[in-house]
Structures are given as C-alpha cells and as structure tokens.
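Undergrad: Sharing a structure with you now.
Values quoted throughout were computed directly from the atomic coordinates according to the rules given, and no laboratory measurement underlies them. Keep in mind that what you see is a predicted model, and the values were worked out from it rather than measured. Here Cβ is always computed from backbone atoms with ideal geometry, including for glycine, and neighbour counts include all displayed protein chains.
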There are 4 protein chains.
Amino acid sequence: MKTAAMIQTYPADITLDRELLARAIDALITCSQACTACADACLSEEMVADLRTCIRTNLDCADSCGATARILSRHTGYDADLTRAHLEACIAACRACGDQCEQHAGMHEHCRVCAEACRSCEEACGELLTSIA
Amino acid sequence: MKTAAMIQTYPADITLDRELLARAIDALITCSQACTACADACLSEEMVADLRTCIRTNLDCADSCGATARILSRHTGYDADLTRAHLEACIAACRACGDQCEQHAGMHEHCRVCAEACRSCEEACGELLTSIA
Amino acid sequence: MKTAAMIQTYPADITLDRELLARAIDALITCSQACTACADACLSEEMVADLRTCIRTNLDCADSCGATARILSRHTGYDADLTRAHLEACIAACRACGDQCEQHAGMHEHCRVCAEACRSCEEACGELLTSIA
Amino acid sequence: MKTAAMIQTYPADITLDRELLARAIDALITCSQACTACADACLSEEMVADLRTCIRTNLDCADSCGATARILSRHTGYDADLTRAHLEACIAACRACGDQCEQHAGMHEHCRVCAEACRSCEEACGELLTSIA
C-alpha cells in the first residue's frame with residue numbers, strides 16, 4: 001500500500017496524526033476487501049442459509065469501510081465533525097461484522113480471517129477517533 | 001427509480017416504515033449523483049481555487065450517501081444501531097455539503113441544484129432516523 | 001433525480017449527447033440500487049442455495065453500474081476511450097445480471113423487477129455507446 | 001492486506017491463478033487509495049487550475065479500481081467474460097491516470113507516487129488478463 005507515502009506528499013497541513021491516519025486507512029481498505037471476500041465465501045458454503053446475517057453484515061462493513069477510507073484519504077477542507085461521525089459509524093459496522101464472523105470462526109476459516117480484519121480495523125479507527133476527540 | 005417496487009418484493013418482514021425508507025434511499029442516490037456532478041462542475045469553473053472545500057465536501061457526501069443507500073437497501077439481518085449510526089454520519093455529510101454549496105448557489109447553478117439535493121436528503125434521512133429512535 | 005438538471009449546469013462543453021447521457025446515468029443508478037436490493041432479497045429466500053450465482057451477479061452489476069454512473073457524471077477532461085471501455089464492461093454486467101434474474105422472474109418478483117432495471121440499463125448504455133462510436 | 005489469506009480460505013474452486021489474482025486485487029486497492037489521495041493533493045496545490053484533468057482521471061481511476069477489486073474478490077458463479085471486460089476497462093483507466101500523473105511527476109511528489117501505483121496496477125491486471133485470455 002502507498003497510504004503512508006501519499007500522506008507524506010500532501011502539499012498542505014494535515015490536522016490528524018499521520019501515523020494513526022495511515023494505519024486507519026490501511027486497516028479500512030484491508031477490512032473492506034476481506035469483508036467482500038468473506039461474503040462471497042459464505043455464499044459458497046453448503047450451509048449458506050445459516051450465514052445470511054453474516055453475509056449481510058459483511059456487505060455493510062465493506063461499504064462502510066470503503067467510504068470511510070476515501071473520506072480519510074482527503075485532507076483538503078478538513079471537517080472534524082464529519083470525520084468523527086464516519087469513524088463512529090464505521091466502528092459500529094466493524095464491531096457488528098467482527099461479532100458475526102467470530103461466531104463462525106471455528107467452522108469457517110474465511111470468517112476467522114475476516115473477524116481479525118474487522119477487529120484490527122475497529123481498533124485502528126478507535127485510536128484515530130480518540131486522537132481527535 | 002425502482003426503489004419502492006423493490007421494497008414491495010422483499011420476501012420477509014421489513015422493520016422500517018417502507019415509505020420513509022424508499023424516500024430516503026431515493027434521496028440518497030439522487031444526492032450522491034448530484035454531488036459527484038457538482039464536484040466535477042466546480043472543477044471546471046474558472047475560480048476552481050476558491051471551490052476546493054466545496055469539491056472536497058461534495059466528494060465526501062457522494063461517498064457517504066452511496067454507502068448509506070446500499071446499507072438501507074438491505075433488510076436481511078437488520079441492525080437498528082448500524083442503520084442509525086450511518087444515517088447520522090450521512091446527515092452530517094449532507095448538512096456540510098448543503099452549507100458549502102449554498103454559499104455559491106447565487107453564483108453557480110450547479111451548487112444551487114446540489115444544495116437542494118443535499119437538503120432533501122438530509123430531511124429524508126432525518127425523518128427515517130426519527131422513526132427508528 | 002437531478003441528473004438532467006446537473007448536466008444543464010455544467011459550465012463547459014459536454015461532448016456527449018446530453019439526453020442520452022442523462023438517461024444512461026439515471027438507468028445506471030436505478031440498476032445499481034435494484035441489484036443491491038435484489039441480492040439482499042435473494043439472500044432472504046428459502047431457496048437461497050439455488051440463488052448463489054444470481055446474488056453474485058447482482059453484486060457485480062451493482063458495483064459496475066455504480067462506478068460507471070460516477071464516471072459518466074464527470075465531463076472535465078473527457079476521454080472517449082475510457083468512457084467506451086467502462087460502458088462496454090457495464091453492458092456486459094447488466095446483460096449477465098438480466099439473464100440471471102430473468103431465469104427466476106416467474107418465481108421471484110424481485111428478480112423480475114431487477115431484470116427490468118438491468119435491461120433498461122443495458123439499452124440506455126448501449127445507445128450512449130453507439131452515439132460515441 | 002488479507003487478500004491472499006482470504007483467497008486460501010475460499011471453500012470452492014477458483015478458476016483464476018491465485019497468485020496473479022491476489023497480486024491484482026492488492027494492486028487495485030492500493031491504486032484506488034493512491035488515486036483518491038492524489039486527487040485531493042492536486043486539489044490543494046496552488047496550481048490546481050492546471051491539474052483539472054489529472055484530478056478527474058484520478059477520480060475515475062479510483063472508482064474503476066474499486067469496482068474491479070470487488071468483482072475480482074468474488075469467485076462464486078465466475079464469469080470469464082465479465083472479468084475480462086472489467087479488467088480491460090480498469091487497465092484503460094490506470095493507463096490514462098498513469099499518463100496524466102507522470103506529466104506532473106517531476107513537480108508533484110504525489111503524482112509520482114500515484115503514477116507508480118497506476119503502472120503497477122496496470123501491469124498486475126494485464127498479467128491476470130493474459131492468464132485468462
């Protein structure tokens with residue numbers, strides 16, 4: 001990923017801590033990809049009917065992380081309230097998806113890996129949020 | 001748009017008010033498109049240097065509305081907390097973008113039309129949020 | 001939708017036919033929403049295991065239409081080759097999804113409505129593509 | 001990123017070469033983030049008026065790479081034609097954006113880093129495309 005490198009090249013000031021920011025963006029795009037893949041892996045499981053909620057939560061989390069990664073990648077005209085609100089919503093999505101995937105982590109390896117991605121993302125976004133508040 | 005028709009065909013219960021839901025989704029995808037187009041129209045203005053914050057807020061609002069429209073389009077495994085958090089974040093994005101665009105509404109017709117889309121979206125999402133809380 | 005209104009306010013020349021363009025963008029965002037909703041409706045069907053391919057194609061079509069709608073909403077620095085390549089890919093996604101949904105249209109009303117959205121989108125994008133080529 | 005790990009956990013066959021696939025997805029999400037950040041960095045440059053086409057191409061490339069990364073992350077109900085069409089469109093977007101950014105690479109470090117991301121992505125997608133054709 002080029003996230004940290006891109007942050008270093010931004011031609012104006014960045015209000016947020018650059019290291020926490022890069023870590024959060026990296027965790028968000030990792031989580032978005034893992035959730036997209038986990039939804040698809042769940043869809044191919046024989047027991048797909050038992051994984052409906054997991055698939056739905058995966059899809060929501062992928063969308064939420066994707067949008068938040070883009071918003072955090074912009075620094076021009078920074079708005080702390082907007083950043084905070086989107087981090088909070090995204091943390092809720094990661095927590096819900098991590099909880100869902102964890103329930104099937106012993107049975108489905110993709111849910112185990114995806115739960116890890118969700119927990120890391122929740123944590124990285126939480127640390128960034130704490131640094132703003 | 002087929003939003004209301006698709007809601008009617010959902011094979012299980014939907015917790016949210018179907019009319020408020022359809023109105024919110026329609027407003028969200030309308031706003032997402034208007035913001036994408038407004039960012040591009042601002043970019044082509046001679047005074048683009050004065051429209052940086054407007055462009056940035058447009059892009060954020062487009063992403064936030066796009067993700068929220070998708071999340072609201074799913075009803076399986078409904079999670080009220082997730083819905084609420086994303087509506088709140090999206091309302092903040094619409095308000096910020098509406099405020100930005102309104103400042104240039106007298107000068108740039110695209111900002112006037114986009115501000116309308118943002119206000120409608122903020123209102124439709126606000127009504128849906130009130131119905132959940 | 002504000003698509004046609006936003007096109008009218010663009011401050012520079014637009015190479016494409018404005019009416020065909022507005023129709024294509026409207027069809028794309030309608031189709032993207034319908035496909036997102038159809039994937040979720042399929043997920044809630046008792047026979048979800050028989051709808052795996054339909055769900056996957058729905059999700060792809062939603063993503064392809066969403067990206068193409070954004071690309072067509074930008075006119076600054078227009079690049080005919082880029083526009084053409086994305087229209088072609090999106091038409092392929094709409095055709096595949098329309099074919100899938102049509103197979104279940106008699107059984108699942110959401111697939112019937114979604115197939116309509118896919119066919120309309122394929123047609124609107126095809127007309128725009130023809131006007132460029 | 002968890003891309004390779006997620007591919008290993010997919011419960012059914014994957015038609016594509018797993019290594020080429022993981023490399024393409026990683027390059028796509030890296031490029032999508034770099035392009036989003038580059039658009040924003042260009043927007044903050046004093047000479048933003050000279051970077052309009054670069055910003056527009058960045059935004060298109062971010063959208064195209066984002067959608068293609070999601071499509072490649074799904075293996076259920078694989079459709080070679082769809083995959084090919086989206087890889088081709090995305091390669092065109094990466095090439096256009098790489099060309100744009102390269103023109104300003106000597107002047108703007110963000111364009112230099114972003115051009116690298118575009119070239120890597122074009123190459124990784126090209127190799128995957130060759131392996132399908």
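Undergrad: Treating the point 7 Å from Cα along Cα-beta-carbon as the label, what are the nm separations from D:GLN103 to the other copies, to one decimal?
TA: Once sorted, the set of distances for D:GLN103 reads 3.0, 4.6, 5.3 nm.
Undergrad: Right, another one. Can you work out which chain C residue has the shortest Cβ-to-axis distance for the rotation that carries C onto B, and give it in Å?
TA: C:ILE29, 3
Undergrad: Related question: Specify the angular offset, from 0 to 90 degrees and rounded to the nearest 10, of the alpha carbon long axis of helix C:80-103 from the longest principal axis of the alpha carbons in chain C.
TA: Relative to chain C, helix C:80-103 is tipped by roughly 20 degrees.
Undergrad: I would also like to ask the following. Hey, can you grab everything whose amide H is under 5 Å from the amide H of D:ASP17? Only 5+ residues off in sequence or another chain; H modelled, so Pro and N-termini drop out.
TA: Here the answer is none, since no amide H 5 or more places off falls under 5 Å of that of D:ASP17.
Undergrad: When Lys and Arg each count +1 and Asp and Glu each count -1, what net charge do the other residues less than 15 Å away from B:ASP81, Cβ to Cβ, add up to? List each step's numbers first, then the result.
TA: Values: positive: A:ARG56, A:ARG95, B:ARG74, B:ARG84; negative: A:ASP60, A:GLU88, A:ASP99, A:GLU122, B:ASP79, B:GLU88.
So the environment of B:ASP81 carries a net charge of -2.
Undergrad: Cut-off is 10 Å between beta-carbons; in what order do A:SER73, C:SER131, C:SER44 appear when sorted fewest neighbours first? Could you put the intermediate results ahead of the total?
TA: Working: A:SER73 27, C:SER131 13, C:SER44 18.
Ranking A:SER73, C:SER131, C:SER44 by Cβ neighbours within 10 Å, fewest first, gives C:SER131, C:SER44, A:SER73.
Undergrad: Can you check what the Kirkwood hydrodynamic radius comes to for chain C, Cα pairs only, in Å to one decimal? Let's see the in-between values first.
TA: On the way: mean 1/r = 0.0669 Å⁻¹.
Hydrodynamic radius (Kirkwood, Cα only) of chain C equals 14.9 Å.
Undergrad: Note down the relative contact order for chain C as a percent, whole number, built from C-alpha pairs under 8 angstrom at least six residues apart.
TA: Details: 152 pairs, mean separation 40.4, N = 133.
Over chain C, the number comes to 30 percent.
Undergrad: So the label point sits 7 Å from Cα along the Cα-to-Cβ vector; using that for B:ASP50, what distances do you get to the other copies, in nanometres, sorted shortest first?
TA: Taking the point 7 Å beyond Cα along Cα→Cβ, the inter-copy spacings are 2.2, 6.3, 6.4 nm.
Undergrad: Related question: If eta is 1.567 mPa s and T is 4 °C, what Stokes-Einstein diffusion coefficient results for the protein assembly as shown, Kirkwood Rh from Cα pairs, in µm²/s?
TA: Details: Rh = 22.3 Å.
Translational diffusion coefficient: 58 µm²/s.
Undergrad: Calculate the mean, over all residues of peptide C:41-51, of how many other protein chain Cβ atoms lie within 10 angstrom of the residue's Cβ. If you can, show how the numbers build up before the last one.
TA: Details: counts 10, 3, 17, 10, 5, 3, 1, 7, 6, 0, 3.
What the average comes to for C:41-51 is 6.
Undergrad: Further question on the same structure: For B:ALA115, what is the net charge nearby, where nearby means another residue's Cβ is under 10 Å from its Cβ and Lys, Arg count +1, Asp, Glu -1?
TA: -1
Undergrad: Run through the other copies and list how far each one's label point is from that of C:GLY126, in nm with one decimal, shortest first; the point sits 7 Å from Cα along Cα-Cβ.
TA: Counterpart label points of C:GLY126 in the remaining copies fall at 3.3, 4.4, 5.2 nm.
Undergrad: Another question, if that's okay. Using a cut-off of 10 Å between beta-carbons, work out the net charge of the residues near D:SER44 (Lys and Arg +1, Asp and Glu -1, D:SER44 not included). Working shown, then result.
TA: Details: positive: A:ARG74, B:ARG52, B:ARG56; negative: A:ASP13, D:ASP40, D:GLU45, D:GLU46.
That sum, taken over residues with Cβ under 10 Å, equals -1.
Undergrad: Right, something else. Hey, fewest Cβ within 10 Å first, where do D:LEU129, B:LEU82 land in order?
TA: Working: D:LEU129 18, B:LEU82 23.
So the ranking, lowest neighbour count to highest, is D:LEU129, B:LEU82.
Undergrad: What ³J(HN,Hα) values, in whole Hz, does the Karplus curve 6.51 cos²θ - 1.76 cosθ + 1.60 give for segment D:64-79 when θ = phi - 60°, with x put for Gly and Pro?
TA: 5, 5, x, 5, 5, 4, 5, 4, 5, 7, 9, 10, 5, x, 3, 10
Undergrad: Starting with the fewest neighbours, write out D:GLU127, A:GLU46 ranked by other beta-carbon atoms found within 10 Å of each beta-carbon.
TA: A:GLU46, D:GLU127
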